[in-house]
Amino acid sequence: MVVDVWGDLLRGARSRHAFVSKTIVVLGEPSSGKSTLVQQLAGARGTTVPRETTGPLRFGYMGDDRSTSDEALRTGVYTVHSSDPSVVATLPYAFPPVQTAPDASALGSLRRMRDTLFVLVLDWSRPWTFAAQLVAWLHMLCQLVDSAHAAGCEHDAETERADMKQHLASMLSCEAADNLGVPLVIVCTKADAIDTAIRERYLRDDQFDFIQQLLRTVALRFGAAVFSTTINRAASFDALRSFVTQVLHHETAPSLTPSTADAQHLLVPPGWDSWSKIEAIHESFSCAAWHEAWAHDIPAAQADHTTRLCERVVPAPPPDASAMADDVQVPSEHDFLADLEARQATDSAAPVSTAPARNAMGPSMHTSTLDLPSVGRVLDEQTQPVPREEARAPSLTTPKQTEVLHSFFQSLLKKPSSPSGASPRTTHRARRHKDSS
């Protein structure tokens with residue numbers, strides 16, 4: 001019998017120096033503020049800023065020295081930078097089975113998800129995209145939890161998921177229609193963009209109230225918390241950081257003060273909201289209709305119903321015409337090469353004069369010396385912005401100015417001149433003497 005000495009030593013060392021592993025998974029589209037959010041979460045006392053790796057699934061970690069025991073607390077941070085299927089497909093690799101001790105079985109994906117907090121990031125500068133993004137990310141999250149295996153757990157997958165749901169409901173004191181068994185928080189970043197949108201009058205207060213109702217409806221369905229954050233208001237990150245810390249360590253949910261007066265200061269703890277509170281903002285909003293829309297679109301990964309309902313109230317603004325480039329008509333490659341070949345043949349056949357132009361002052365200014373190469377001229381003629389008027393600077397040797405100068409000098413030459421040595425007064429006296437005689 002072969003004894004794996006080195007394997008036993010390594011597994012024993014890993015068991016002695018094991019650390020408590022918590023995980024945060026940040027989900028969001030590009031430029032939605034994920035990096036800033038992670039930096040703010042890591043900015044608390046006793047933490048280190050995570051250094052992320054590159055790739056579709058980025059990883060970093062935050063160390064925490066608050067523990068008084070021999071165990072080192074460390075929180076891993078995974079960042080998914082797009083809901084594109086090719087990027088989302090890498091997320092299951094964040095939950096591989098882990099061998100924690102020589103005599104223990106692998107820690108399965110479901111058990112690792114119990115120590116994970118999912119953070120869904122939305123951008124307040126683009127609120128008309130919230131419905132489609134929520135459908136895409138929540139569908140992905142449902143698929144991830146359903147496909148997680150239960151290797152190493154005490155029960156089978158279904159029993160383990162039921163236990164996770166019960167644990168989450170008791171910890172957050174909330175009942176959710178779609179309890180996934182994993183904590184979820186929706187963070188709407190760049191809340192200062194709300195004031196900009198209202199000031200520039202492309203969105204109104206009532207439209208932002210509608211977006212708040214939309215968010216709170218889906219959060220209530222999944223038992224999620226909702227936060228609005230901005231880099232200009234540090235208190236928004238303080239409340240979020242406190243919530244994240246207590247949820248990760250399976251402590252009782254923190255006593256947060258709800259704030260629903262406006263979308264910029266939105267803070268909805270899990271288990272606090274209800275349909276009556278949501279519809280109190282505007283009675284025209286139907287929680288039942290949105291509940292059915294979420295139930296239809298999220299499992300199918302198609303945001304047809306939710307997007308249609310959202311576009312009726314918050315349509316996407318028209319594109320900024322001033323930021324768009326001029327339309328340019330580009331010829332086909334065949335037409336361009338044919339025109340270029342014809343132009344080059346014409347240039348080679350035409351004689352080129354090296355003599356100075358008549359009535360030109362200074363070096364030769366013949367038109368052939370001022371022409372651009374054939375390629376440039378073809379591009380100028382075929383690639384024209386539409387519409388645009390051409391303005392040419394006047395030349396110093398235009399035909400009209402040359403004719404004026406020529407006429408002026410000729411008029412000077414045609415004037416009669418006086419006899420040599422005779423002054424004008426002498427000539428005048430001679431004329432008077434001739435007339436008297």
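The values are calculated or read from the model by the stated rules, or taken from the named source; none is laboratory data. Computed from a predicted structure; not experimentally measured. Cβ sites come from the backbone with ideal geometry, for glycine too, and all protein chains shown count toward neighbours. For the accessible areas, the whole protein counts, side chains as well, though only heavy atoms, and no ligand, DNA or RNA atoms are used. Shrake-Rupley method; radii C 1.70, N 1.55, O 1.52, S 1.80 Å.
Tabulated data
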| read-out | value |
| --- | --- |
| Accessible area (Å², 1.4 Å probe, nearest 10) - Ser276 | 80 Å² |
| Simple spin-label estimate for Ala234 and His265 in nanometres, 7 Å along Cα-Cβ | 1.9 nm |
| Cα gyration tensor shape for segment 229-318, rounded if a/c is under 1.5, else prolate or oblate | prolate |
| Distance-filtered residues of segment 269-313 - backbone nitrogen under 16 Å, label point 7 angstrom along Thr257 Cα→Cβ | 269 |
| Accessible-area order (highest first, 1.4 angstrom probe) of the listed residues Arg216, Arg221, Arg58, Arg114 | Arg58, Arg114, Arg221, Arg216 |
| Sites Asp335 and Asp84 - FRET efficiency at Förster radius 25 Å, r taken between beta-carbons, to 0.05 | 0.10 |
| Protein-only accessible surface order, largest first, of Thr75, Thr260, Thr159 at 1.4 Å | Thr159, Thr260, Thr75 |
| Per-residue SASA entry for Glu341, accessible area with 1.4 Å probe, Å² rounded to 10 | 130 Å² |
| Extension reserve of the Ala162-Gln39 stretch, reckoned as 0.36 nm per residue once the Cα distance is removed | 40.9 nm |
| Net lengthening on full extension, His149/Ala295 (0.36 nm per residue, minus Cα-Cα) | 50.1 nm |
